[in-house]
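Report on the structure given below.
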Amino acid sequence: MDLGNGLGATQNMLDAEIQSFFDSAPPLRSSGDVSEKLEEFVKRNSIASGNGGARRIVCVTSGGTTVPLEKRCVRYIDNFSSGHRGAASTEYFVKAGYAVIFLYRKGTYQPFCRSLPDDPLLECFEFTDESTVQVRHSHSEAVRRAITEHRAAVEEGLLLKLSFTTIFEYLQMLQMISLSLRSVGPHAMFYLAAAVSDFYVPWKSMAEHKIQSSSGPLDMQLNQVPKMLLVLRKDWTPMAFCVSFKLETDKHILLEKADAALKKYKMHMVIANELSIRKEEVVAVTSNERISVHRNKSLGVDDVEDPLIKLLVERHSSYIKSFDP
Ligand code: 9Z3
């Protein structure tokens, strides 16, 4: 592909880096199962929704990717992401009538379970006699709601959960999802809230066994993870509405970094968030706007994701309309 002004060369370099990343990644163990589930989910939801229009499908990514340091992995690099943003957003997308592919890090927050205690099984249930277990009264409302809402989403075929742990699994699955969503054109959305590692150890150069501490200080070079956002946008699913996140701890650079990501990766919107206040406020950045979105408990807005998803649904509707003849 030649984009002129040397951009073609940059694109070719990126394509080569991405190719080499995928070629050297360990094959995804569950790939047959994942592609079967995806095909079935996309097919079912591509058929008209209840109101006659085509169903919209969003891929929500959630939680952080790990970077293994050894093939028989004992140690890995991780990040802080709890998956709360992705889980909460999934609930609001389902409420808005979207079918959701929830690509999440194993062990992180799950949609419809956020109000349950940390260890739900042990905390939520009690024995009434030797053989009968029941939900403890104090948790019954939360458990009932979680079960009902989750079951409704699953029975209506609106929720497909796929899990990852490593950066290799995440990017391979993201590519599979993108390719399978091509068929729904502008009705697809990507909501990329997962915290994706910037650096990784290539599989080829990774130690097979546990690295020995007796070998002295660890001197290890990490490669840069190729930026997949641009390829996702331009090659994998060119018609989808794409929203990515920008996270910073320094609020003075956050918005300019979000602007830069918007342009560089040709996103339709970038959600800028500052680590310490990420649950209170985010800024939705487009090519000509910066929209502040707040959680406001006193106005009954419990999650910042509630107004955020409303905004995205509205923008996605306008985007779909722009394809109408
Ligand atoms: C985010 O910025 C998410 O909002 C959070 C959510 C990870 C902060 P939690 O899971 O937190 O609810 O605890 N996600 C994207 C982070 C990221 O890695 N962004 C990249 C960057 O900033 C771009 S893809 O460079």
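The values are calculated or read from the model by the stated rules, or taken from the named source; none is laboratory data. The model shown is predicted, which means the values in this text are computed figures rather than measured ones. Cβ: placed from backbone, ideal geometry, glycine included. Neighbour counts: every protein chain shown. Each accessible area value is taken on the protein alone, full model and side chains, heavy atoms only, with ligands, DNA and RNA left out. Shrake-Rupley method; radii C 1.70, N 1.55, O 1.52, S 1.80 Å.
Overview of values
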| quantity | calculated |
| --- | --- |
| Of all residues making up the range 284-325, the number that are of a type outside the set (Gly, Ala, Ser), open to solvent by 90 Å² or more (accessible area, probe 1.4 Å) and assigned to a helix (DSSP H, G or I) | 5 |
| Positions within the range 256-286 being touching a strand residue (DSSP E or B) at 6+ places or on another chain (Cβ under 6 Å) and among the hydrophobic types (A, V, I, L, M, F, W, C), in sequence order | ALA258, ALA261, LEU262, MET267, MET269, VAL270, ILE271, ALA272, VAL282, VAL283, ALA284, VAL285 |
| Of all residues making up the range 224-283, the number that are within 11 Å of the ligand (Cβ to nearest atom), open to solvent by 60 Å² or more (accessible area, probe 1.4 Å) and not in a helix (DSSP H, G or I) | 5 |
| Test: residue in the range 106-114 that is farther than 30 Å from LEU171 by Cβ, aromatic (Phe, Trp, Tyr) and in contact with a His (Cβ under 9 Å, 6 or more places away or on another chain) | no |
| Options TYR92, TYR109, TYR104, TYR76: the member that is under 30 Å from VAL201 (Cβ atoms), aromatic (Phe, Trp, Tyr) and out of contact with any strand residue (DSSP E or B) (no Cβ under 6 Å at 6 or more places or on another chain) | TYR109 |
| Hits in the range 46-67 - residues which are away from the ligand (no atom under 12 Å from the Cβ) and at pLDDT 95 or above | ARG56, ILE57, VAL58, CYS59, THR66, VAL67 |
| Output for the range 152-183, where each listed residue is open to solvent by 20 Å² or more (accessible area, probe 1.4 Å) and either small (Gly, Ala, Ser) or modelled with pLDDT under 95 (or both) | ALA152, VAL154, GLU155, GLU156, SER163, SER180, SER183 |
| Some residue of the range 291-309 being in contact with a strand residue (DSSP E or B) (Cβ under 7 Å, 6 or more places away or on another chain), of a type in the set (Gly, Ala, Ser) and in contact (Cβ under 8 Å) with a residue 24 or more places away in the chain | no |
| Residue list for the range 66-78, filter: assigned to a loop (DSSP other than H, G, I, E, B), under 16 Å from ILE167 (Cβ atoms) and open to solvent by 50 Å² or more (accessible area, probe 1.4 Å) | LYS71, CYS73, ARG75, ASP78 |
| Candidates LEU103, LEU122, filtered to the one that is touching a residue at least 24 places away in the same chain (Cβ under 8 Å) and either under 21 Å from LEU232 (Cα atoms) or assigned to a helix (DSSP H, G or I) (or both) | LEU103 |
